[in-house]
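Readers should treat all values here as calculations from the given coordinates under stated rules, not as data from a laboratory. Just so it is clear, the model here is predicted, and its values are computed rather than measured. Using ideal geometry, Cβ is built from the backbone for each residue, glycine included, and neighbour counts are taken over all protein chains shown.
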Amino acid sequence: MSAETYSVPQAAARLRFIDRVNPVSRLAAAMLLTTPLLLTVDWVSAATALVIQLVLFALAGVTLPTLLRRAWPILIAAPVAGVSMLLYGQPSGEEYWTFWLARITDGSIELAVAVTVRVLAIGLPAVLLFMHVDPTELADGLAQVWHLPSRFVLGALAGARLVGLFIEDWQAMSLSRRARGIGDHGTVRRFATMAFALLVLAIRRGSKLATAMEARGFGSEVPRTWARESRVGWPDLVLVVLAVTIAAVSIASAVWAGTFHAVWS
Amino acid sequence: MSRSSAPAPAAIEARGWGWRHASRLRPAVEKLDLRIHPGERVLLLGPSGAGKSTLLHALAGVHGGDDEGEEYGELMVDGVAPSAARGRAGLVLQDPDSQVILARVGDDVAFGCENLGVPRDEIWPRVRRALADVGLELPLEHPSSALSGGQKQRLALAGAIAMRPGLLLLDEPTANLDPDGVREVRDAVGRVLERTRATLVVVEHRVDVWVDLVERVVVLGRDGRLIADGTPGVVLVEQRRELLDAGVWVPGVPLPGAVAFDVTGQATAATESGSAGRSAIEHALTARGLAIGRRANAVVQRGLELDVAAGASTVITGPNGVGKSTLALTAGGLLRPLEGRVEASAALASGLKREPIAWRSRELLTRIGTVFQEPEHQFVASTVEGELAVGLRALRLDDVAIAARVHELLERLRLDHLARANPFTLSGGEKRRLSVAAVLATRPSVLILDEPTFGQDRSTWIELTALLRELVDDGLALVSVTHDAAFIARLGDERIVLAASTAREFA
């Protein structure tokens, strides 16, 4: 490494510790943390995980406004999932209210709480761990740390950049349909002509991009070097260990409290 | 940085070389014999379809294998096949948007070096050097999406020269740029060649951009064979007729037509009917206190005034990003004004509300027609004749009337031999003619064009401007967004110059 090494400035770096972790390790941590939580539907394991997560994220510098701004879709989805469980979840125990198919019972209340907390416990770390993740850094990590094929990773990275152009294409095409006199009726047909045109444009842009990449030596036999080094170190290890620990503690607490309820049973 | 950063310039040799695309019957290039010496600077000319791009792509080694086409004869860069000489050639293509590979400027330039296996310590000095060479002195982490067209093309050039190629291949690198962008790119290429002495092959319709930079002109014919080769002074004179027929913009050849113009874009004569008609006729469209933008929270211009006269041509000019297209779309009743209003004359509205944005899509057809910058954005039918009939069908005309009008337009715009072709498969010039014809089909009183001459060859240009002049003289109100000085000279009866967030109106 020389003084010429290029460091990516973290303009939006506001998280302690997490920002020092390689994006691929964050991905691994998120998977290790949330997969065990998918195996059981009880409120104890989810609540345990959620409480530990909230404490740790708060320590990392996630404030309430940040949480609301970043995670609002999950904060909305969780109670919505809960309410549907409340009304339609497997009934058991005392029944409090019923209307046609909807029945609120002891069992459905417990299920509603469990599901709400679980959606939060799974959704929040996924969102917060990937705050400020730069797609280029993620690609660097996938190719250099996880050794996924660079052709695939870089192709996907470059291709994803075309999405912005497709959105502009779509907007221009919507306006043009009005100008062409076919904006009043036939939404389905209009949509079909736009979808076809977008497909043609997408293929054309994609093949031009592929040519441009190939002209820069992409896909040649020469072993590739990496201008940006993607590294993992002790912060990565700490985050992954934390994730496994949280998962283990939450499952263990559910077993200890006798609420563990595997999804397959 | 004094390390030997300039590689040896490359030599090119073609011996009976040809290439046939897998989907075509006829070869794009045939029996080409050509030698280009190291360090030579060559301008490659010819009509569209003459295989110029094919040759460039082959030299860059990006043609792929046997499934993409069939190769004849020999083509060599420094005595070996181009695909075996990866990195010897750097290629810059026409479309700025499709060449940006990575999200940050520095990473994008580094991409080619990485693929060539350049050690990391050497990559970043190369990147900085390349960016300085093309005059793109931006932070390495600057987002590549936030660049202008000219900057994107210079970024692509930097990405190519960071690979230290001995051969620079440019495939119409300035066709999609405004005049500032064209100058930026041409000057950057000049600086790069000055320093690296690399061999250059450039394909471009606009000869004047490159003529001072090249020392040799090679012309390919319509059948993909070489028809002329020599110094610019000789070839441009001897082959003038062929080049003009091929749509090449040969410098110093005046455009046919009544209105003379000079390069500053000042019209030296105004047409009679244009000026006479104007005072008598009410403005077809007016706007006062207009604020425009594509979204409610993104105002690009405020306090605009606009008067569009029937029987006159109005041009809207100004630098990139000041909202020219947005103004055109707003005037055309496609985007809602964010403040103020656009009003049609009573005659134009003919019984409808005065604001075009309140009209139904079908009601726009005979009143205001809008031709989009990208023809593909407005194509909706699967054949050329179907495309011309779209508006007529929306107006519920009978089949006989539709057929007659379609036939008339096909002939007028020389599209009759393509009547059953799919619009997406046409050439650039044909697409432009079709997009204009399809909007003219319903005879709108006001016609709005966004960059109608962008990237067009000389033949299409002449045809289009002659048609538009004729329509305006017959009473059409024409509004065009354009950067094209020759177009402004010919059709700039009224001129509106948009500047960054203020607008001035010229009489």
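General observations
- Approximate spin-label separation B:ALA132-B:ALA358, in nm, with each point projected 7 Å along Cα-to-Cβ: 6.2 nm
- Beta bridges assigned by DSSP with both partners in chain B are antiparallel in approximately 50 percent of cases.
- Crossing angle, helix B:120-133 versus chain B [Cα axis fit, 0-90 degrees, rounded to tens]: 50 degrees
- For the residues of B:107-119, the average number of beta carbons from a partner chain within 10 Å of their own beta carbon is 6.
- Chain B shape via C-alpha gyration tensor axes, a/c threshold 1.5: prolate
- Distant-in-sequence amide contacts of B:LEU449, defined by a placed amide H-H separation under 5 Å and a gap of 5 or more residues or a different chain, comprise B:VAL371, B:VAL479, B:SER480, B:VAL481.
- Mean Cα-pair separation over length for the range B:15-87, i.e. relative contact order, pairs under 8 Å, 6 or more apart, %: 38 percent
- For the residues of A:167-173, the average number of beta carbons from a partner chain within 10 Å of their own beta carbon is 4.
- Among A:SER230, A:SER25, the order by Cβ neighbours within 10 angstrom, fewest to most, reads A:SER230, A:SER25.
- Cross-link check: pairs B:LYS31/B:LYS152; B:LYS152/B:LYS324; B:LYS52/B:LYS431; B:LYS52/B:LYS324 evaluated at a Cα-Cα cut-off of 27 Å; pairs beyond the cut-off: B:LYS31/B:LYS152; B:LYS52/B:LYS324.
- Using the Cβ of B:ASP223 as centre and a radius below 12 Å, the other residues enclosed give a net charge of +3, where K and R count +1 and D and E count -1.
- Label zone (B:ASP121, point 7 Å along Cα-to-C-beta; backbone nitrogen cut-off 19 Å) within the range B:128-170: B:128-129.
- Residue-averaged [θ]222 nm for chain B, counting only DSSP H segments that reach four residues, each worth -39500 (n - 2.57): -9500 deg cm²/dmol
- A simple charge model with +1 on the Cβ of Lys and Arg, -1 on the Cβ of Asp and Glu and nothing else charged puts the dipole of the range A:146-215 at about 160 debye relative to its Cα centre.
- Prolate/oblate/rounded call for the protein assembly as shown, Cα gyration tensor, a/c under 1.5 rounded: oblate
- Placing R0 at 25 angstrom, the Cβ-Cβ distance between A:PHE152 and A:VAL238 gives a FRET efficiency of 0.25 after rounding to 0.05.
- Cβ crowding within 10 Å, taken as a proxy for footprinting-reagent exposure, orders B:VAL481, B:VAL92 from fewest neighbours to most as B:VAL481, B:VAL92.
- Sorted peptide list for B:233-240, B:438-445, criterion being average Cβ within 10 angstrom, highest first: B:438-445, B:233-240
- Between the Cα long axis of helix A:43-60 and the first principal axis of chain A there is an angle of about 50°, rounded to the nearest 10.
- The mean number of partner chain beta-carbon atoms within 10 angstrom of a residue's beta-carbon across peptide B:91-98 is 5.
- Listing B:HIS57, A:HIS132 from fewest to most neighbouring C-beta atoms within 10 Å gives A:HIS132, B:HIS57.
- Most to least packed among B:210-216, B:104-110, B:411-417, B:124-130 [average Cβ atoms within 10 Å]: B:104-110, B:124-130, B:210-216, B:411-417
- Against chain A, whose longest principal axis comes from its Cα atoms, helix A:23-37 is set at around 30 degrees.
- Three-way shape label, the range B:297-410, alpha-carbon gyration tensor, a/c 1.5: prolate
- Percent antiparallel among DSSP beta bridges (both partners in the protein assembly as shown, rounded to 5): 55 percent
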